[in-house]
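To keep things clear, I will list the structure first and then write my remarks on it.
The values are calculated or read from the model by the stated rules, or taken from the named source; none is laboratory data. Every value quoted in this text rests on a predicted model; they were computed, and no experiment measured them. Here the Cβ positions follow ideal geometry from the backbone for every residue, glycine too, while neighbour counts run over all protein chains shown.
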Amino acid sequence: MFKNISRAVLLSSSLLIAAGSTANAYTVYISNEKDNTISVIDGHSLEVTKTMEVGERPRGITLSKDYSKLFICASDSDTVQVMDLATGKILHDLPSGDDPEQFSLHPDNRRLFIANEDDNIVTVVDTESRTVIAQVDVGVEPEGMAISPDGKIAVNTSETTNMVHWIDTETYQLIDNTLVDQRPRHVEFNKEGTVLWASAEIGGTVSIFDTATRIEKKKISFNIKGIHKDRIQPVGVKLTSDGKYAFVALGPANHIAVVDANTFEVKDYLLVGRRVWHMAFSPDEKRMFTTNGVSGDVSVVDIPSMKVIKSIKVGRYPWGAVVKP
Amino acid sequence: MSSNLYVTALFGILWREILRFVKQRERFIASLVRPLVWLLVFAAGFRAALGVSIIPPYETYITYEVYITPGLIGMIQLFNGMQNSLSMVYDREMGSMRILLVTPLPRWYLLLCRLLSATVVSILQVYTFLLVAWFFDIQMPVMGYVWLLPALIVSGLMLGAVGLLISSAIKQLENFAGIMNFVIFPMFFLSSALYPLWKMQESSELLFRICSVNPFTHAVELIRHALYGKFDGLSLAVTAGSLVFFLVLAVYGYNPARGFVKRMGS
């Protein structure tokens, strides 16, 4: 009798522990631009558990839709590497074109749209046959890359031309080009695909476009007490899937702007490490991880309380971040 | 002599100090305004909006205001210790100390009661300060406010003991201004209250060493760690050790047969 009870208690408590750990069980991958490595952070302990060697100057990183593979823009190796996350081994390289910086995986989980910074083109690669499907001419120094949730439009920003280029993903033709402020770095669609957010690093603004009309509906600028305007350089943008918040990484201002995604009003600024560029959410969107290049760490934001709870040392010049559930 | 008498004396002295603190509105306001001016004016001028580097107990970047808050808590207790010392000298000059001393209780016990009551008053001041700071967006983890209490007791007693020692050595009220210059300012500025010690080390190794042995530094670090639910063993050891050291000296100083009081002929 007693044995049975204790067994039941043991079983239920271990089940509880298992349930608790799965809620937090996720892994954060960070690309370290100067170290040529990927740092792996455990989402539960918030500690670096592993550092993996990859190609030269890893910047943009993204996951396959089934989370089994990690695509890495190894900019100075002029290739996109494919890593098997189960083993941590590089499976193969993709013909990305020169100097890939950012990319976006099409919802078909097959086509990768890559911005080639030095060549002024966007290269479309089939990740299965490992061949180049198309190359689209865009403006000078292409960087930001995003694909609408319905997969119909790919969007690229060119840093020197100061434009957002709208590309048809079927015909690989440019549909439209829209001007934004100086040095657009990053683009992000909302979950429904109705609006597009584009950050302008030197302009210090974020433009919000209506996707259907491609007309700018709002432009946000930032102002942090005690920090000179020149240091406020928006780069990364992340939108919560509930449509409530947008987070904008403000580069050397060392802050993340919290923006109301409906009213476009800046609600708060969160202090993080030095020169913050990109961000990634935990699967439940309760935590956010920011890459702070100059200070070489990742700050962890608790979204319900909107507080920065920790900064974790990673490699030199962390750049991109993704989270695997 | 029953233990009742000890309790009565303790509460009597404690009540008198609390009454004195509450009734003297100016003193209450001054004790609050001083750290708030530092926090809202001084810290704003030196505002490191880009963040102060991470050092324990902090786990991420903080603004300068957040950094100096534990230092200002220490400042409240330091000033309170000195205030207590000032009022002891005043009591002695006015004669009300004689009334206290005619009680059949040992003198060390009376001093201890006086020290305890000063510490209680300083803790009231600290929590009022933190409440105001909360509204200026200087917020610590909630549990930090609980962990802070034991740290405040140790640091408050230590700084109060410094005050007692000073009052035992001072002959007249007029000498007090000098003491403020020679005790409070060096103690406050040569500590980790306003700047992290590694920053001090960058400019001067000697100043860094002085700061590292200053008991006030350790009181501030004890408070700083407690605010984040962390325990700093070294700071506790130094603060508690200093408390015993200053208290023993103060009791000696107040001993009419041997101490400084005898030499003063009072």
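Here are the numbers for the structure shown:
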quantity: Test for A:PHE209: is it assigned to a strand (DSSP E or B), more than 30 Å from A:LYS313 (Cβ to Cβ) and in contact with a strand residue (DSSP E or B) (Cβ under 6 Å, 6 or more places away or on another chain); calculated: yes
quantity: Those residues of region A:30-64 which are outside any strand (DSSP E or B), touching a strand residue (DSSP E or B) at 6+ places or on another chain (Cβ under 7 Å) and of a type in the set (D, E, K, R), in sequence order; calculated: A:GLU33, A:GLU56, A:ARG57
quantity: Residue identified as of a type outside the set (Asp, Glu) and at positive phi among A:PHE264, A:PHE289; calculated: A:PHE264
quantity: Among (1) within 14 Å of another protein chain (Cβ to nearest Cβ); (2) modelled with pLDDT of 95 or more; (3) touching a Phe, Trp or Tyr at 6+ places or on another chain (Cβ under 9 Å), the one test that A:ALA246 misses; calculated: (1)
quantity: Qualifying position, being polar (S, T, N, Q) and more than 21 Å from B:LEU157 (Cβ to Cβ), among B:ASN181, B:ASN255; calculated: B:ASN181
quantity: A:VAL82 vs. criteria over 19 Å from A:GLY236 (Cα atoms), touching a His at 6+ places or on another chain (Cβ under 8 Å), in contact (Cβ under 8 Å) with a residue 40 or more places away in the chain and surrounded by fewer than 20 Cβ atoms within 10 Å (Cβ to Cβ); calculated: yes
quantity: Per-region count, region B:171-198, residues charged (D, E, K, R) and touching a helix residue (DSSP H, G or I) at 6+ places or on another chain (Cβ under 9 Å); calculated: 1
quantity: Answer residue from region B:123-161, given it is crowded, with 21+ Cβ neighbours inside 10 Å and of a type in the set (S, T, N, Q) and is farthest from B:ASN214 (Cα to Cα) among those; calculated: B:GLN125
quantity: Enumeration of residues in region B:36-94 that are within 14 Å of another protein chain (Cβ to nearest Cβ), in contact (Cβ under 8 Å) with a residue 40 or more places away in the chain and either assigned to a helix (DSSP H, G or I) or in contact with a helix residue (DSSP H, G or I) (Cβ under 6 Å, 6 or more places away or on another chain) (or both); calculated: B:LEU40, B:VAL52, B:PRO57, B:GLU65, B:VAL66, B:TYR67
quantity: Test result for B:PRO256, of a type outside the set (Asp, Glu), farther than 23 Å from B:GLY144 by Cβ and more than 18 Å from the chain's Cα centre (by Cα); calculated: yes
quantity: A:TYR269, sole failed condition from (1) of a type outside the set (A, V, I, L, M); (2) farther than 23 Å from A:ASN32 by Cα; (3) more than 13 Å from chain B (Cβ to nearest Cβ); calculated: (3)
quantity: Test for A:THR123: is it in contact with a Gly (Cβ under 8 Å, 6 or more places away or on another chain) and not charged (D, E, K, R); calculated: yes
quantity: Number of positions in region A:272-325 that are of a type in the set (Lys, Arg), part of a loop (DSSP other than H, G, I, E, B) and away from every other protein chain (no Cβ under 14 Å); calculated: 2
quantity: Among residues of region A:77-107, those that are out of contact with any strand residue (DSSP E or B) (no Cβ under 6 Å at 6 or more places or on another chain), assigned to a loop (DSSP other than H, G, I, E, B) and farther than 23 Å from A:GLU188 by Cβ, counted; calculated: 3
quantity: Single residue of region A:252-266 satisfying the filter (surrounded by 22 or more Cβ atoms within 10 Å (Cβ to Cβ) and within 9 Å of chain B (Cβ to nearest Cβ)) that is farthest from A:SER207 (Cα to Cα); calculated: A:ASN254
quantity: Meets criteria (free of Cβ contacts under 8 Å to residues at least 40 places away in the same chain, buried (at least 22 other Cβ atoms within 10 Å of the Cβ) and farther than 24 Å from A:ILE220 by Cα) for A:VAL138; calculated: yes
quantity: Index of the failed condition, A:GLU143 passing every other in (1) modelled with pLDDT under 95; (2) part of a loop (DSSP other than H, G, I, E, B); calculated: (2)
quantity: Meets criteria (closer than 22 Å to A:ILE72 by Cβ and at pLDDT 95 or above) for A:ALA257; calculated: no
quantity: Subset of region A:217-242 [within 14 Å of chain B (Cβ to nearest Cβ), more than 21 Å from the chain's Cα centre (by Cα) and either among the polar types (S, T, N, Q) or assigned to a strand (DSSP E or B) (or both)]; calculated: A:ASN223
quantity: Filter result for B:ASN214 (under 30 Å from B:TYR90 (Cα atoms), of a type outside the set (A, V, I, L, M, F, W, C) and modelled with pLDDT of 95 or more); calculated: yes
quantity: Boolean, A:SER96 is crowded, with 21+ Cβ neighbours inside 10 Å and over 23 Å from A:VAL82 (Cβ atoms); calculated: no
quantity: Helices (runs of 4 or more DSSP H) wholly inside region B:177-266 containing at least 1 residues that are under 24 Å from B:SER53 (Cα atoms); calculated: B:185-189, B:197-203, B:205-213, B:215-227, B:233-254
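Matching residues to (1) among the aliphatic types (A, V, I, L, M); (2) outside any helix (DSSP H, G or I):
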site: B:ILE99; (1), (2): yes, no
site: B:THR103; (1), (2): no, yes
site: B:TYR109; (1), (2): no, no
site: B:CYS113; (1), (2): no, no
site: B:ALA118; (1), (2): yes, no
site: B:ILE123; (1), (2): yes, no
site: B:PHE129; (1), (2): no, no
